[in-house]
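Read-outs: derived from the displayed coordinates by stated rules, not from any lab. Everything numeric here is computed off the predicted structure, so don't read it as measured data. We place every Cβ from the backbone using ideal geometry, glycine too, and count neighbours over all the protein chains shown.
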Amino acid sequence: MVLVRPQMGENIGAAARAMLNFGLDRMRLVDPRDGWPNPAAVAMASGAGRVLDHAQVFEDTDAAIADLNYVFATTARSRDLTKTVMTPERAMQHAHALMADGQQVGVLFGPERAGLENDDVVRANAIISVPVNPEFASLNLAQCVLLTGYEWLRQATQAEGEVDVIARGGRATMEDVARLVAHLDEKLTAKGFFWPESKAASMRANLENLFRRAPLTETDVRTLHGVIRALAEWRQERDAPGPKPD
């Protein structure tokens, strides 16, 4: 469970309790507002202190998910992003299937005030959306962790769902995909692709979202790096002065 910029120590502690209730003990924290360690979190954890003792702290979301192969983002708000949306039940079925196939899976939870930002959601492969009252869709951070953890344990004996079969190479990590996106961004920026400037941010987000939601393997990523290099070199040769080949 990855808590992104959590604001209150009490909610971190309550999330730790919810995790341990359902057999989850690997917590990652991204830039907690009140620093870490947090006495309020320890007090609220009440018996789940070992989850906090081993919690890992990261400066940003990219670092927190770098070694993961598949990431869910929890959100109640509609987004202008094309992603698979799952209920907690379906998401945890898929998580079990992925882990049975040797993949590393994470779930992003946003800060209490407004939830995950688009920049965080775009980095996920799929979205978890809880079916709640549309007139009051807000869930407390610990409540959202609790619902996800409950479905995780409930599906533990029913994890024979979809399994990604990867014949050549394992699934790419989030860090692998981030490097691929950065490589493509660099080459496209050099060619003036992100224009006009007013639309550059949304163009970059849509491009990254395309690669993040795709089930890329390590082989896929290496191939795409090669394609990008080949196209860039071809453009350089074509634009160079002198006679051109037929």
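Normalised by residue count, segment 174-239 yields a Cα convex hull volume of 75 Å³ per residue.
The DSSP beta bridges internal to the chain are antiparallel in roughly 5% of cases.
Rounded, prolate or oblate for segment 1-73? Axes are the square roots of the Cα gyration tensor eigenvalues, ordered a ≥ b ≥ c, and the cut-off for rounded is a/c under 1.5.
On the way: a/c = 2.11, a/b = 1.31, b/c = 1.60.
Oblate.
Rounded, prolate or oblate, given the Cα gyration tensor of the chain, with a/c below 1.5 counting as rounded? Prolate, since a/c reaches 1.5 and a/b exceeds b/c.
How much length, in nm to one decimal, is gained on full extension between Q7 and R113, taken as 0.36 nm per residue of separation minus their Cα-Cα distance? Could the numbers behind the result be given before it?
Working: separation 106, 0.36 × 106 = 38.16 nm, distance 0.81 nm.
Contour length minus Cα-Cα distance gives 37.3 nm.
Output the DSSP H helices from the chain with an along-axis C-alpha extent of no less than 15 Å and a mean Kyte-Doolittle hydropathy no less than 0.0. Could you put the intermediate results ahead of the total?
Details: long enough: 9-21 (18 Å, 0.12); 88-100 (18 Å, -0.36); 141-154 (20 Å, 0.64); 174-190 (24 Å, 0.05); 197-213 (25 Å, -0.90); 218-239 (32 Å, -0.95).
Sorted by number, the helices that extend far enough and score high enough are 9-21, 141-154, 174-190.
Using per-residue counts of other Cβ atoms within 10 Å, averaged over each peptide, order 8-14, 68-74, 197-203, 24-30 from highest down.
Numbers: 8-14: 22.6, 68-74: 24.9, 197-203: 10.9, 24-30: 19.1.
The most tightly packed comes first, giving 68-74, 8-14, 24-30, 197-203.
Label separation (N206 vs H225): 2.8 nm, computed from points 7 Å beyond Cα along the C-beta direction. Computed from the C-beta positions of T82 and A190 and an R0 of 30 Å, the FRET efficiency is 0.65 to the nearest 0.05.
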